[in-house]
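The values are calculated or read from the model by the stated rules, or taken from the named source; none is laboratory data. Please read these numbers as outputs of a predicted model, since none were measured by experiment. With ideal geometry, Cβ positions are generated from the backbone for all residues, glycine too; neighbour counts draw on all protein chains shown. Heavy atoms of the whole protein, side chains included, go into the accessibility calculation; ligands, DNA and RNA do not. Shrake-Rupley method; radii C 1.70, N 1.55, O 1.52, S 1.80 Å.
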Amino acid sequence: MRLVIKNGRVIDPANSVDVQTDVSIEDGRISSVTPDIDPKGAEVLDAKGLVIAPGFIDMHVHLREPGFEHKETIETGTAAAAAGGFTGVACMPNTNPVNDSAAVTELILRQARDKGHVSVYPIGAITKGQAGKELGEIGELVDAGAVAISDDGHPVSDPRVMRRALEYSTHFDIPLIEHCETPELHPGGVMHEGHWSTILGLRGIPAASEEISVRRNISLAEMTGGKLHIAHLSTRGSLEAIRDAKRRDIRVTCEVTPHHLFLTDEAVKDYDTHTKMAPPLRAAEDRQALIEGLADGTIDAIATDHAPHHADEKMVEFDNAPFGIVGLETAVALCLDRLVGQKVISLAKLIELLSTHPARLLGLSKGTLSVGADADITVLDPEKSFTVEPEKFRSKSRNTPFKDWQLKGRAVKTIVGGKVAWSAD
Ligand SMILES: [Zn+2]
Ligand SMILES: [Zn+2]
């Protein structure tokens, strides 16, 4: 089984490649990247005008299975990933049961093998039941295939537990991914605390909630040498703390979501529950700081925090709605239009943020088009127009604030292990 992709613009930041050339794939691996490959006997994909990138990896996704299959399953979540241009996703452990044991990690991997459309990389819990008290079976989770640990959704509030988790994670050289929030500061908070929360009469979540936690966790990372990865960074202060920590060679990395890059708290003004997520949409100056953080390299990755909820769950008053929105089927088009199209960052930089870096952060031998690498490829059409139509999503859920947005650029083909997992036509 041989596939030859002809005449695409191949961008592989890991090898500093950006050139029009051909790519051939054999037995699930990249077999050559060179001009004028003879396609005899191979299936041919004409990629003139298209961009060939190493497969995108979303390092922050909630697949909801086991336990919440009415919101999403591994099958539908990975179908959504493929349709959005992702060849792999890392899934958070806040399932039911929580992924705090080898049995749950194995179940996720088995289901992904049987029903999945893209690769799935499970993230194990930091603490048992994500309760924040007792360290989980981190060694067991890693042996079973977990690529990182996180209690996402539940910040680890006890600094002693966090210290031990960071210390322990160094034995396995895996990142600890932390949802940085100080919930004690804002009981009942539902949106960013500022101008708009005052006008709308909604209880606020101040920027300090995140920043206190970011600074504390950076201190603990410095003390322990653990690899700290900050999830869904949302404020200027958090970004500055990370910029400073990186300058001091502390092992800290971070990700940002498309919704924090492209929306502000003003979007909450119609009380649309599709603008409710944690951390909340922030002020314009925070958004601006995140954009600058992408350009100057402080931000390592773009991740969606894809958090599907059933329509009935979101169809309630703002105060009572669950936090979270879907992101897998809108992220790449949003980034192509708003970041590359508007010349905020280059296409190569975007590919780094969506592929090269997430692969490196999770310790995966992915994120490159080197000869011999797995043939995980995302094919982009930067000129193709795309309207966000939630009713067409592969995801089970439709909770997006980007409905009807008209964008230029999208993924048009997703190739996983040499096989086409999804195609736009
Ligand atoms: Zn989170
Ligand atoms: Zn999350």
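The conditions of being over 18 Å from the mean Cα position of the chain (by Cα), open to solvent by 30 Å² or more (accessible area, probe 1.4 Å) and among the small types (G, A, S) are met by S219. Please state which of the following conditions D296 fails to meet, knowing it meets all the rest: (1) open to solvent by 50 Å² or more (accessible area, probe 1.4 Å); (2) within 16 Å of ligand 2 (Cβ to nearest atom). That leaves (2) as the condition not met.
Okay, residues lined up against (1) of a type in the set (V, I, T); (2) within 24 Å of T235 (Cα to Cα); (3) more than 16 Å from ligand 2 (Cβ to nearest atom):
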| site | (1), (2), (3) |
| --- | --- |
| I138 | yes, no, yes |
| S157 | no, yes, yes |
| A165 | no, no, yes |
| Y168 | no, no, yes |
| F172 | no, no, yes |
| H186 | no, yes, yes |
| L200 | no, yes, yes |
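Looking across region 1-34, the residues that are of a type in the set (A, V, I, L, M), part of a strand (DSSP E or B) and open to solvent by less than 70 Å² (accessible area, probe 1.4 Å) come down to L3, V4, I5, V10, I11, V17, V23, I25, I30, V33.
For region 25-51, residues that are under 13 Å from A373 (Cβ atoms) and either within 16 Å of ligand 2 (Cβ to nearest atom) or in contact with a Leu (Cβ under 7 Å, 6 or more places away or on another chain) (or both) total 3. Filtering T21, T34, T78 for residues that are more than 16 Å from ligand 1 (Cβ to nearest atom) and under 18 Å from T330 (Cβ atoms) leaves a single hit, T78. Hey, K40 hits all of (1) assigned to a loop (DSSP other than H, G, I, E, B); (2) of a type in the set (D, E, K, R); (3) surrounded by fewer than 18 Cβ atoms within 10 Å (Cβ to Cβ); (4) modelled with pLDDT of 95 or more but one; which does it fall short on? It is condition (4) that K40 fails.
Listed here are the residues, each with its yes/no results for (1) assigned to a helix (DSSP H, G or I); (2) open to solvent by less than 10 Å² (accessible area, probe 1.4 Å); (3) under 20 Å from S16 (Cβ atoms); (4) touching a residue at least 24 places away in the same chain (Cβ under 8 Å).
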residue	(1), (2), (3), (4)
V332	yes, yes, no, yes
R338	yes, no, no, yes
Q342	no, no, no, no
A348	yes, no, yes, yes
S355	yes, yes, yes, yes
R360	yes, no, yes, no
D381	no, no, no, yes
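Would a scan of region 72-86 turn up a residue that is surrounded by fewer than 22 Cβ atoms within 10 Å (Cβ to Cβ), at pLDDT 95 or above and among the β-branched types (V, I, T)? Yes - at least one qualifying residue is present in region 72-86. None of P308, P322 is in contact with an Asp or Glu (Cβ under 9 Å, 6 or more places away or on another chain), within 16 Å of ligand 2 (Cβ to nearest atom), closer than 20 Å to G77 by Cα and open to solvent by 10 Å² or more (accessible area, probe 1.4 Å) except P322. Specify the residue that is farthest from ligand 1 (Cβ to nearest atom); the eligible residues are those in region 145-161 that are among the small types (G, A, S) and out of contact with any strand residue (DSSP E or B) (no Cβ under 8 Å at 6 or more places or on another chain). Looking at residues that are among the small types (G, A, S) and out of contact with any strand residue (DSSP E or B) (no Cβ under 8 Å at 6 or more places or on another chain), I get S157. Restricting to region 51-71, count the residues that are more than 21 Å from P279 (Cα to Cα) and open to solvent by 10 Å² or more (accessible area, probe 1.4 Å). The qualifying residues number 6. Listed here are the helices (runs of 4 or more DSSP H) enclosed by region 228-297 that have at least 3 residues being within 16 Å of ligand 1 (Cβ to nearest atom): 258-262.
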